[in-house]
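A.B. asks: Take a look at this one; I'll ask things after.
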Amino acid sequence: MSGKQVKLFLVDGTPGGLTTAEITNWTGHVLAGPRSDLARLLGRDEARRTGVYLLLGEGDGVGEGRLYVGEADDVATRLRTHERTKDFWDRVVVITSKDTNLTKAHVRYLEASLIRLAATAQRMELTNGTAPPQPNLPEADASDMDYFVGQLQIVLPVLGINAFRGRKTKPAAPVAPEPVESPVFHLRVAKSHIHARATQIDGEFTLLEGSTTVPSWERTGGTEKVRSIYARLRAQFEKLVETDAIIVEGRHGRVARDIVFPSSSAAGAIVTGRSCNGRTSWVTDDGLTFGDWETRGVDDSSPHDLSGGAHV
């Protein structure tokens, strides 16, 4: 396995301000910052180069927000226009090259690639009106840009941007393979004929396409705290149905695409329609629980809690 050194620089010395990100021996350069720092961002050299940019904003509280992907010969000029015409975003990311060798054709290729990846991952709502076709590049240039995208898929999650991550969005030749491949875990509810499958991908618990779930979330809870938790889970389930991530077919829901969850318990709750201890409920065909797999290699003589999960 080959490691990657990602260099972050906090321009203001604070985690919420302007930040640059680079990978050693990679020509790409990423500059990110909040909309409130847009004037300072536009004054930097990187913003006046040819590049790709991302506008990110909050969504409806269920998904990971909204995203716009664009490209420009002079990113700063385009961002000034978006500052006047687009309201949804509160964070901007500028992607350029340290050697300034990116051409208009290159950034159009990058833009099309990122839009395709975001549409495939379906983790954020794409606000682009159209999906531009992938421009034709010389074979060597296309290979370079595919590598560039692969590096972005490493750098951007470090900055908290997961819009392009997913089992089906990995580069054909991964630049950083998984150190340990996760097995497939199953959650079965015999009485309801529910069978869901999940695995951990890049550290994220992922409910796999083809799994079955309850057709709706009906529980309401007793205490105010439980009612609040159940209301949030119900809203999440209904949003997944609304976006066709889960398709209700008679007495079951069918998972139509991979869905990433913050925990195994959250995934289990959506599948079963009730609170769930994901670390014990998800089990491999060999009987290994997700909790036991998570703690593999931990010294048995060291006290550790395998119960995990959230109970309500």
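The values are calculated or read from the model by the stated rules, or taken from the named source; none is laboratory data. All of these numbers come straight from a predicted model, not from anything done at the bench. Neighbour counts run over all protein chains shown; Cβ positions are idealised from the backbone, glycine included. Quick note on the areas: whole protein, heavy atoms, side chains included, nothing else; ligands and nucleic acids left out. Shrake-Rupley method; radii C 1.70, N 1.55, O 1.52, S 1.80 Å.
A.B. asks: Give the aspartates and glutamates whose C-alpha is closer than 13 Å to that of K239, dropping any in the same chain fewer than 8 places away, or say none.
C.D. replies: List returned: D60, E64, E125.
A.B. asks: Pick from V189, V107, V92 the residue whose mean-square fluctuation is largest in a GNM of the chain, springs joining Cα atoms under 10 Å.
C.D. replies: Looking only at V189, V107, V92, the largest GNM fluctuation is found for V189.
A.B. asks: Could you sort 37-48, 129-140 so that the peptide with the highest average Cβ count within 10 Å comes first and the rest follow in order?
C.D. replies: Ranked from most to least packed, the peptides come out as 37-48, 129-140.
A.B. asks: Could you give each residue of the stretch 107-114 its phi-based ³J(HN,Hα) in whole Hz, using Karplus coefficients 6.51, -1.76, 1.60 with θ = phi - 60°, and x for Gly or Pro?
C.D. replies: 6, 5, 5, 5, 4, 4, 5, 5
A.B. asks: Give the residue from T19, H106, Q5 lying farthest towards the positive end of the charge dipole for the stretch 1-120; charges sit on Cβ (+1 for Lys and Arg, -1 for Asp and Glu) and the dipole is referred to the Cα centre.
C.D. replies: Of the listed residues, the answer is H106.
A.B. asks: Might you report the magnitude of the Cβ-based charge dipole of the stretch 192-293 about its Cα centre, with Lys and Arg at +1 and Asp and Glu at -1, to the nearest 20 debye?
C.D. replies: Its charge dipole is roughly 500 debye.
A.B. asks: Springs between alpha-carbon pairs under 10 angstrom, Gaussian network model over the chain: which of K98, K239, K191 fluctuates most?
C.D. replies: Answer for the Gaussian network model of the chain: K191.
A.B. asks: If the chain between R251 and H186 were fully stretched, how many nm would it gain, using 0.36 nm times the residue separation less the Cα-Cα distance?
C.D. replies: 21.4 nm
A.B. asks: To the nearest 20 Debye, how big is the dipole of the chain about its Cα centre, given +1 on the beta carbon of each Lys and Arg and -1 on that of each Asp and Glu?
C.D. replies: 760
A.B. asks: Using θ = phi - 60° and the Karplus curve 6.51 cos²θ - 1.76 cosθ + 1.60, what whole-Hz ³J(HN,Hα) does each residue of the stretch 192-207 get, with Gly and Pro shown as x?
C.D. replies: Whole-Hz 3J(HN,Hα) from phi for the stretch 192-207: 9, 6, 9, 9, 10, 10, 8, 8, 9, 10, 6, x, 10, 7, 10, 6.
A.B. asks: On a straight-distance basis, which lysines could pair with K4 in a cross-link, Cα separation under 22 angstrom, same-chain partners fewer than 8 positions away excluded?
C.D. replies: Qualifying lysines at Cα under 22 Å: K98, K168, K170.
A.B. asks: Starting at the first residue of the stretch 90-104, write each ³J(HN,Hα) from the Karplus equation 6.51 cos²θ - 1.76 cosθ + 1.60 with θ = phi - 60°, in whole Hz, x for Gly and Pro.
C.D. replies: Each residue of the stretch 90-104 in turn: 10, 8, 10, 10, 10, 10, 9, 10, 5, 8, 6, 9, 6, 9, 4 Hz.
A.B. asks: Continuing with the same structure: Choose one answer from G278, G297, G57: the residue with the largest mean-square fluctuation in a GNM of the chain with alpha-carbon springs under 10 Å.
C.D. replies: G297
A.B. asks: Sticking with this one: Among 156-163, 224-231, 11-18, 253-260, how do they line up from the highest to the lowest mean number of other beta-carbon atoms within 10 Å?
C.D. replies: The packing order, highest mean first, is 253-260, 156-163, 224-231, 11-18.
A.B. asks: Follow-up question, since we're still on this one. For Rg/Rh (Cα atoms, Kirkwood Rh), the choices are (i) 1.11; (ii) 0.98; (iii) 1.00; which was calculated from the structure?
C.D. replies: It is the value labelled (iii).
A.B. asks: Report, in whole Å, the centroid distance computed from the Cα atoms of the stretch 126-140 and the stretch 230-290.
C.D. replies: Result: 34 Å between the Cα centres.
A.B. asks: Write down the accessible area per residue of the chain in Å², having rolled a 1.4 Å probe over the full set of protein chains.
C.D. replies: Accessible area per residue, the chain: 50 Å².
A.B. asks: Going Cα to Cα from K7, which aspartates and glutamates come in below 12 Å? Please leave out same-chain ones fewer than 8 positions away.
C.D. replies: Partners within reach: E22.
A.B. asks: With a/c under 1.5 counting as rounded, go ahead and sort the stretch 59-102 into rounded, prolate or oblate using the C-alpha gyration tensor (a ≥ b ≥ c being the square roots of the eigenvalues; past the cut-off, prolate if a/b is larger than b/c, else oblate).
C.D. replies: The shape class here is oblate.
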